[in-house]
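The values are calculated or read from the model by the stated rules, or taken from the named source; none is laboratory data. The shown structure was predicted, so the numbers you read here are calculated from the model rather than taken from an experiment. Positions of Cβ are backbone-derived with ideal geometry, glycine not excepted, and every protein chain shown enters the neighbour counts. For accessibility, only protein heavy atoms count, side chains too; no ligands or nucleic acids. Shrake-Rupley method; radii C 1.70, N 1.55, O 1.52, S 1.80 Å.
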Amino acid sequence: MRQGHAERRRFLTGTAATAVAASLSNLSHAAGQNNIRLGQSVPLSGPAQELGIEYQRGLRLAFGFANAQGGVEGRWIELVSYDDRYEPEAALANTRDLLEVENVFALIGYVGAESVNRCLPLAVSAGLPFIAPLTGAESLRRSPPRALFHLRPGLAAETRLIAQAMQTLGIARVAVLQQDDADGAAGVLALLEAMHAQGMPLPTAMAKLGRNSTGNVELGSRDIRAAAEVLAAAHPQALVCLSAYATTAALLRALRDAGFAGPCYATSLSSAAAIGPLLGTRVAGLCVTQVVPSPFDASKPVVASYQQQLRAAGGTPEYVSLEGWIAGLATVQALRRMQRSATRSALMGALESLGGTDLGGFTLRWDAAHRQASGQVSLTMLDDTGRPRR
């Protein structure tokens with residue numbers, strides 16, 4: 001067993017992961033040789049943990065639902081999740097263990113472009129499908145390898161909506177917060193292109209913050225204050241945050257407390273459900289892009305079934321777990337299209353064949369050039385309780 005493997009596994013039997021697994025999963029029967037084992041490395045602790053916990057929640061719900069219906073030709077789908085704390089080096093080590101120790105059939109539900117950039121080559125080398133990572137980096141949609149299967153659209157679609165909204169309001173002075181990693185760099189590139197397409201001037205100010213910066217420690221507090229001072233000094237009309245939810249919340253709180261009253265926009269990386277409790281009533285007016293339908297809209301069968309499973313598990317509807325649910329349903333559909341003795345390459349082919357599949361009001365549209373199954377994106381505004389309004 002690789003050194004460090006035991007430590008990463010222990011997290012999954014600790015309090016946070018045990019609570020998630022106990023409340024969500026029908027996957028408690030012993031692992032068997034006939035199970036279909038899917039591996040995941042996600043943040044299950046640390047400042048970005050809500051992204052990983054909720055994505056894992058949605059996947060577990062989908063696989064538990066499938067298993068209750070007999071699985072895939074009698075085989076259960078088992079999700080093996082490791083915690084990477086939103087740190088790419090941990091994700092890389094986890095992925096090696098998932099491949100070499102856990103012997104998973106495919107990788108699924110990773111979070112963040114940095115982790116995907118590190119881990120995707122391992123999947124490609126081993127011939128494993130790499131399914132539905134939570135990242136909009138356009139670099140991963142240019143000449144992507146066959147192993148990669150995106151569910152969500154790229155950041156170009158998300159930032160296009162943000163730029164259109166700002167242009168409609170006549171906003172010209174824009175301040176930008178960039179997470180200082182591959183996710184933030186991808187967001188900035190997409191935003192600049194979107195603003196240029198709308199005839200908007202370049203941002204008046206930009207500031208970078210390290211991944212997982214929250215202001216909860218002394219150094220982080222200085223970082224947040226310094227970034228807020230740089231952005232506030234430009235007297236922006238609007239703020240765009242290209243960072244995960246905890247960093248977005250810390251920066252926006254600092255700016256609001258300093259008197260900034262303009263609109264703020266963020267991509268789906270700033271989870272609407274997670275950011276509300278961090279900001280309280282100061283969350284009102286924050287606009288966040290979304291890449292799946294509203295998790296509160298039960299008129300769509302895919303959402304109604306998600307809500308039903310979630311209620312039984314004691315969860316609360318939100319966008320990231322719904323994305324995990326949809327990704328899980330798509331994966332189940334692909335697994336069921338294969339022969340029992342099918343190879344990993346056959347799973348890639350089955351995923352590619354999902355174009356036109358209606359999951360219940362959410363139809364997959366396969367874009368072969370970008371290896372992407374959905375182009376859906378919307379912009380929501382949060383009220384003072386943190387609930388998204390379209």
### Task
Among the candidates His5, His29, single out the residue that is modelled with pLDDT under 95 and either among the small types (Gly, Ala, Ser) or open to solvent by 60 Å² or more (accessible area, probe 1.4 Å) (or both).
His29
### Task
Report yes if Ala254 is more than 21 Å from Leu202 (Cα to Cα) and surrounded by 24 or more Cβ atoms within 10 Å (Cβ to Cβ), otherwise no.
no
### Message
Here are the criteria: (1) open to solvent by less than 10 Å² (accessible area, probe 1.4 Å); (2) closer than 22 Å to Gly136 by Cβ. Tell me which single one Arg85 does not satisfy.
### Response
(1)
### Query
Is one or more of the residues making up region 99-106 open to solvent by 10 Å² or more (accessible area, probe 1.4 Å) and at pLDDT below 95?
no
### Query
Does region 194-209 include one or more residues that are without any contact (Cβ under 8 Å) to a residue 24 or more places away in the chain and more than 18 Å from Leu161 (Cβ to Cβ)?
yes
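Yes/no matrix, rows are residues, columns are (1) open to solvent by 10 Å² or more (accessible area, probe 1.4 Å); (2) part of a loop (DSSP other than H, G, I, E, B):
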site	(1), (2)
Pro236	yes, yes
Ala246	yes, no
Gly262	yes, yes
Ser270	no, yes
Pro295	no, yes
Val303	no, no
Gln308	yes, no
Gly315	yes, yes
### Message
Which count do you get for residues in region 121-150 that are within 30 Å of Pro203 (Cα to Cα), in a loop (DSSP other than H, G, I, E, B) and within 16 Å of the chain's Cα centre (by Cα)?
### Response
4
### Query
Residue check: is Ala66 aliphatic (A, V, I, L, M), modelled with pLDDT of 95 or more and open to solvent by less than 10 Å² (accessible area, probe 1.4 Å)?
yes
### Task
Residue by residue through region 50-80, note down the ones that are among the acidic types (Asp, Glu) and within 18 Å of the chain's Cα centre (by Cα).
Glu50, Glu54
### Summary
Taking region 47-59 and keeping residues in contact (Cβ under 8 Å) with a residue 40 or more places away in the chain and either farther than 12 Å from Tyr245 by Cα or in a helix (DSSP H, G or I) (or both) leaves Glu50, Leu51, Gly52, Glu54, Tyr55, Gln56, Arg57, Gly58, Leu59
### Query
Out of region 213-223, which residues are surrounded by fewer than 21 Cβ atoms within 10 Å (Cβ to Cβ) and either of a type in the set (Gly, Ala, Ser) or modelled with pLDDT of 95 or more (or both)?
Gly220, Ser221
## Note on the structure
Filtering region 81-116 down to residues that are outside any strand (DSSP E or B), within 15 Å of the chain's Cα centre (by Cα), farther than 28 Å from Ser341 by Cβ and not aliphatic (A, V, I, L, M) yields Asp84, Arg85, Tyr86, Glu87, Pro88, Gly112, Glu114, Ser115
#### Entry: Total residues in region 162-212, condition more than 20 Å from Leu134 (Cβ to Cβ), open to solvent by 20 Å² or more (accessible area, probe 1.4 Å), touching a Leu at 6+ places or on another chain (Cβ under 9 Å) and not in a loop (DSSP other than H, G, I, E, B)
6
### Query
In region 280-315, how many are in contact with a strand residue (DSSP E or B) (Cβ under 6 Å, 6 or more places away or on another chain) and within 15 Å of Gly58 (Cβ to Cβ)?
1
### Task
Answer yes if at least one residue in region 109-121 is closer than 21 Å to Leu329 by Cα and surrounded by fewer than 22 Cβ atoms within 10 Å (Cβ to Cβ), and no otherwise.
no
### Task
Go over the candidates Ala137, Ala132 one by one and state the one that is open to solvent by less than 10 Å² (accessible area, probe 1.4 Å), under 25 Å from Ala197 (Cα atoms) and touching a helix residue (DSSP H, G or I) at 6+ places or on another chain (Cβ under 7 Å).
Ala137
